[in-house]
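These notes are about the structure you will find just below.
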Amino acid sequence: MSGKSKGSAFERKIAKEIVKAYRHFGITQKDCWRSTLSGGHSRAAGDLEISERLEKIFPFCLEMKHRKKIRYENFLLDKKSEEKSWITQTLDGARKARGTYPVLVMRANNCPIYALVGRGEFESNTELNIDSVLWNLMPWKTFLKKAIRGIKRFPRLRRRKRNGPRRTAKRKDE
């Protein structure tokens, strides 16, 4: 699999996972999809296109990287590296999409997916100060769970009620 197709497949996978996590809020695949040219054009902010409806409850701009190997120590070193350029790219995308938080979603071959969340949006055990921005490193699934828990800040956006008859428990004295 070429690097470009591997990256495209990774972006589609992440978009599907976001839709799956937010389906109880009425979110469908039409609300989150891989950006044309994967963020490579001037109007794009990040690698995913997110509808206004989803952005209200998922205020993040995602940049995604799937590489053969990721050198995590390069995030900490004061030298130019591919990994450090991802931070700049992630921050630039979040600036384009005003009101969103930057998130770098990354995966090395045969390794778990991690999210590096900018601006200290969520607390984690691993906080990094990179280019004067506080970043939190956490597994991707943990990030999604914390993002859903964060919806409590948006009282008008609650889970949709399911259609159908309500189940009622029968009382013992009946």
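List of remarks:
- Test: residue in segment 115-130 that is of a type in the set (Lys, Arg), at pLDDT below 85 and either touching a strand residue (DSSP E or B) at 6+ places or on another chain (Cβ under 9 Å) or in a helix (DSSP H, G or I) (or both): yes
- Sole exception among (1) of a type in the set (Asp, Glu); (2) within 15 Å of the chain's Cα centre (by Cα); (3) loosely packed, with under 15 Cβ neighbours inside 10 Å for Glu82, by number: (2)
- Within segment 15-30, tally of residues that are touching a residue at least 24 places away in the same chain (Cβ under 8 Å) and touching a strand residue (DSSP E or B) at 6+ places or on another chain (Cβ under 6 Å): 2
- Check on Ala147, surrounded by 10 or more Cβ atoms within 10 Å (Cβ to Cβ) and modelled with pLDDT of 90 or more: yes
- Condition met for Trp33 (over 19 Å from Leu134 (Cα atoms), aromatic (Phe, Trp, Tyr) and without any contact (Cβ under 8 Å) to a residue 60 or more places away in the chain): yes
- Residue within segment 18-38 that is of a type in the set (A, V, I, L, M) and at pLDDT below 90 present: yes
- Residues that are modelled with pLDDT of 95 or more, within 16 Å of Leu144 (Cβ to Cβ) and β-branched (Val, Ile, Thr) do not occur anywhere in segment 45-53.
- Residues (surrounded by fewer than 19 Cβ atoms within 10 Å (Cβ to Cβ) and either among the hydroxyl-bearing types (Ser, Thr, Tyr) or under 14 Å from Leu116 (Cα atoms) (or both)) located in segment 50-64: Ser51
The values are calculated or read from the model by the stated rules, or taken from the named source; none is laboratory data. Bear in mind that the values here come from a model prediction, so they are computed numbers and not experimental data. So basically every Cβ, Gly included, is an ideal-geometry build from the backbone, and we count neighbours across all protein chains shown.
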